[in-house]
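J.: Structure provided below as structure tokens; questions to follow.
The values are calculated or read from the model by the stated rules, or taken from the named source; none is laboratory data. None of these values were measured; they are calculated from a predicted model. Glycine also receives a Cβ, built like all others from the backbone with ideal geometry; neighbour counts cover every protein chain displayed. Keep in mind that these areas ignore ligands, DNA and RNA; they rest on the heavy atoms of the full protein, side chains included. Shrake-Rupley method; radii C 1.70, N 1.55, O 1.52, S 1.80 Å.
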Amino acid sequence: MDNFSTGSESNVESLRGRRGFEVVEHDITMSLPLSLHADLIFHLASPASVADYLSRPMQTLRVNSLGTLALLDLAQADGARFLFASTSEIYGDPYVHPQPETYWGNVNPVGPRACYSEGKRFGESATMVYTREYGLDARIVRIFNTYGPHSRPDDGRIVPNFIIQALRDEPLTVYGDGSQTRSYCYVSDLVAGIVAAMFGDLSGAEVFNLGNPDEYTVSHFAQIISRQVGSTSGVVHQSLPEDDPTQRRPDITKAREYLGWEPHVDLATGIDRTISWFRDVLRLSEPVA
Ligand code: UDP
């Protein structure tokens, strides 16, 4: 189920016709179809890139609050297992580094990013209330920066921005002085982590960080992308978005221990695959001469 507000139907095109697969276009903040029943619910519905949630603050707040409650009600009614996709953003601008699941975070509740960070914090709280009050079988995953093929070229995230800019031989837009850090997880590793969390044999509701612990400054990351694309266009500095976290790196000890999960795709491999994807996207979008 997707309302395709930030996603694209073309991403599930190859699954059409597969036995047991159905895609329903629906916004989960509107009442759910009565015919809907579930054994497992993966709740990933939400704008997730900074540019997307800043331009859709109401939708972001509603899908993570009202939408989460609606899916929790469905899970409870059907006795389904429930997985909530949370985010590293719930750690805000962290004082503890790297971030373990036990860290409560440092979030600005009234800043522009709060529709997402506080929306996700509400979603986590709601999930835990349902486990305590109704014995719901639930898992929460906190997803750190993820990249790979099938992401939107214009979603505003660092990886699509830098790769597209490098491919067009434009300067890479480094926000602020570029000393802030992020850790980048390739999409197939993330998917394996989500599946492991859903199907893991756990005795109670558990929270897991999912991400790649290799950490890079934004400036260093710009150099890596330029080198891999073969671009010499350099960088241009632009203003740092408000409340942009200064450092971020997951502590994945718990996921390793409980789920036997860790990322396997190294940055060079993942970035190469992503560059090929965006190369094809650009080629297709260019007018034929
Ligand atoms: N960033 C940047 N240039 C861009 C896009 C992002 O310097 O064109 C920086 C941004 O300021 C942040 C980091 O890259 O420090 C990751 O940004 P992104 O929007 O991908 O995800 P976030 O971690 O902020 O949710």
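J.: Just to confirm my filter: which helices (runs of 4 or more DSSP H) fall fully inside the range 56-153 and include at least 2 residues that are without any contact (Cβ under 8 Å) to a residue 12 or more places away in the chain and open to solvent by 10 Å² or more (accessible area, probe 1.4 Å)? Write out each step before concluding.
T.: Working: elements: 57-62, 68-78, 114-134.
Per the criteria, 68-78, 114-134.
J.: Does the range 166-191 hold any residues that are more than 11 Å from the ligand (Cβ to nearest atom), crowded, with 18+ Cβ neighbours inside 10 Å, under 14 Å from Glu262 (Cα atoms) and of a type outside the set (Asp, Glu), and which are they?
T.: Cys185, Tyr186, Leu190
J.: A follow-up question, please. Would you check if Ala38 is free of Cβ contacts under 8 Å to residues at least 60 places away in the same chain, within 18 Å of the chain's Cα centre (by Cα) and assigned to a loop (DSSP other than H, G, I, E, B)?
T.: On the way: free of Cβ contacts under 8 Å to residues at least 60 places away in the same chain: yes; within 18 Å of the chain's Cα centre (by Cα): no; assigned to a loop (DSSP other than H, G, I, E, B): yes.
Taking the combined requirement at face value, the residue does not satisfy it.
J.: Now for a different question. Taking Asp243, is it over 21 Å from Ala51 (Cβ atoms) and open to solvent by 40 Å² or more (accessible area, probe 1.4 Å)?
T.: Numbers: over 21 Å from Ala51 (Cβ atoms): no; open to solvent by 40 Å² or more (accessible area, probe 1.4 Å): yes.
Taking the combined requirement at face value, the residue does not satisfy it.
J.: Return the total of residues in the range 252-280 being loosely packed, with under 15 Cβ neighbours inside 10 Å, among the β-branched types (Val, Ile, Thr) and closer than 25 Å to His97 by Cα.
T.: Total satisfying the criteria: 1.
J.: Pairs needed: first member in the range 201-223, at pLDDT below 95; second member anywhere, not hydrophobic (A, V, I, L, M, F, W, C); C-beta distance under 6 Å; at least 6 residues apart or different chains.
T.: Every condition considered, the pairs that remain are Ala205/Thr131.
J.: Suppose we keep only residues that are under 14 Å from Thr217 (Cα atoms) and not in a strand (DSSP E or B) within the range 154-183. Which one would you say is farthest from the chain's Cα centre (by Cα)?
T.: If we take residues in the range 154-183 being under 14 Å from Thr217 (Cα atoms) and not in a strand (DSSP E or B), then Asp177 is farthest from the chain's Cα centre (by Cα).
J.: Answer yes if at least one residue in the range 105-118 is within 11 Å of the ligand (Cβ to nearest atom) and within 22 Å of Ala196 (Cα to Cα), and no otherwise.
T.: Our first condition is that a residue be within 11 Å of the ligand (Cβ to nearest atom); within the range 105-118, this holds for 113, 116-117.
Of the ones still in play, those that are also within 22 Å of Ala196 (Cα to Cα) are none.
No - not one qualifying residue is present in the range 105-118.
J.: Next question, about the same structure. So, in the range 231-266, exactly how many residues are closer than 25 Å to Gly92 by Cβ, of a type in the set (A, V, I, L, M) and within 16 Å of the ligand (Cβ to nearest atom)?
T.: 1
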